[in-house]
1. Is one or more of the residues making up segment 255-274 closer than 15 Å to residue 5 by Cα, modelled with pLDDT under 95, in contact with a helix residue (DSSP H, G or I) (Cβ under 7 Å, 6 or more places away or on another chain) and not in a helix (DSSP H, G or I)?
2. Pairs only if they're at least six apart or on different chains, beta carbon under 6 angstrom, first in segment 210-236 and in the same structural domain as residue 250 (by TED's automatic domain parsing) and closer than 11 Å to residue 98 by Cα, second assigned to a loop (DSSP other than H, G, I, E, B) and at pLDDT below 95; list them, first residue then second.
3. From 277, 226, which residue is modelled with pLDDT of 95 or more, farther than 18 Å from residue 69 by Cβ and in a loop (DSSP other than H, G, I, E, B)?
4. All but one of (1) buried (at least 19 other Cβ atoms within 10 Å of the Cβ); (2) at pLDDT below 95 hold for residue 52; state the number of the condition that does not hold.
5. It is to be established whether one or more residues within segment 232-247 are in contact with a helix residue (DSSP H, G or I) (Cβ under 9 Å, 6 or more places away or on another chain), surrounded by 18 or more Cβ atoms within 10 Å (Cβ to Cβ) and assigned to a strand (DSSP E or B).
6. Any idea which residue in segment 74-92 is surrounded by the most Cβ atoms within 10 Å (Cβ to Cβ), counting only those that are in a helix (DSSP H, G or I) and out of contact with any helix residue (DSSP H, G or I) (no Cβ under 6 Å at 6 or more places or on another chain)?
């Protein structure tokens, strides 16, 4: 039996998320390393005002994911596999031993800056639930045009997807999706059009940001949320990390691949439980849970039981 650690993407952030991390030496170490890499106090990043910034949001998700994984590892809770959604791929790579944490901090800051500078306003992402991929693609085809770009960005579940693009195009697509039978069409707390061709230029610039950064073979199996398969070659993981902002997310297939590789517990790192709700149907017969809302000792007992 195996344990999968999952790391959420933008939209999972919440005010106070770094202050809510466990009072533990590994939390303190992570915050200190973050401060050294950034040259500023990371605890200033999780205020409501700060989280309006893509940079603050992505850094908070990195810090929270790495800190919690380290706290668990210090007490024997080590994953067999890791998978991250979008920005979550970076803390996943740190937890798997692929990339040094200070490098990850600098890379995530650069990633978020590129995304925010490319699309400072007027763009975003919407969640669409209740219709399948084919129906949503038909909706997108009715709206998408050079002046109204909208793309299918995340395939999170068979009837739960995310679209990205221009705000007006997203509003039009959301209304058409509801008319086509969708049960939900609402804007996410994401201010950039992730996981589509609009970020191709930023992804190319991100590849250059990896120059000189050392990556190692993963100690835990690294599952790509973009490719829905395991990657072992550091060069392939570098490409996955650099380019994932412009590639579709295939979360459902990623969770299915983890299950097929033997994962039976999926544990979501902070913040929230979005990935837990998406992963639970795939892990029927196993267990999907989040760190948030569960005691650390309870989580560690579950992990120990799983590892026998």
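1. Yes, that holds for at least one residue.
2. none
3. After applying the criteria, what remains is 226.
4. So residue 52 meets the others, but not (1).
5. Among the residues of segment 232-247, not one is in contact with a helix residue (DSSP H, G or I) (Cβ under 9 Å, 6 or more places away or on another chain), surrounded by 18 or more Cβ atoms within 10 Å (Cβ to Cβ) and assigned to a strand (DSSP E or B), which makes the answer no.
6. Our first condition is that a residue be in a helix (DSSP H, G or I); within segment 74-92, this holds for 74, 86-92.
Next cut, out of contact with any helix residue (DSSP H, G or I) (no Cβ under 6 Å at 6 or more places or on another chain) only: 86, 88, 92.
Numbers: 86: 27, 88: 29, 92: 33.
Filtering first and then ranking leaves 92.
Here's the yes/no breakdown for (1) free of Cβ contacts under 8 Å to residues at least 60 places away in the same chain; (2) part of a loop (DSSP other than H, G, I, E, B); (3) in contact with a strand residue (DSSP E or B) (Cβ under 7 Å, 6 or more places away or on another chain); (4) outside the structural domain of residue 266 (by TED's automatic domain parsing):
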| residue | (1), (2), (3), (4) |
| --- | --- |
| 34 | no, no, no, no |
| 37 | no, no, no, no |
| 48 | yes, yes, no, no |
| 68 | no, no, no, no |
| 72 | no, no, no, no |
| 102 | no, no, no, no |
| 108 | yes, no, no, no |
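The values are calculated or read from the model by the stated rules, or taken from the named source; none is laboratory data. In this text the structure is predicted, and so the values were computed from the model without any measurement. In this analysis, Cβ positions are derived from the backbone assuming ideal geometry, glycine residues included, and neighbour counts consider all displayed protein chains.
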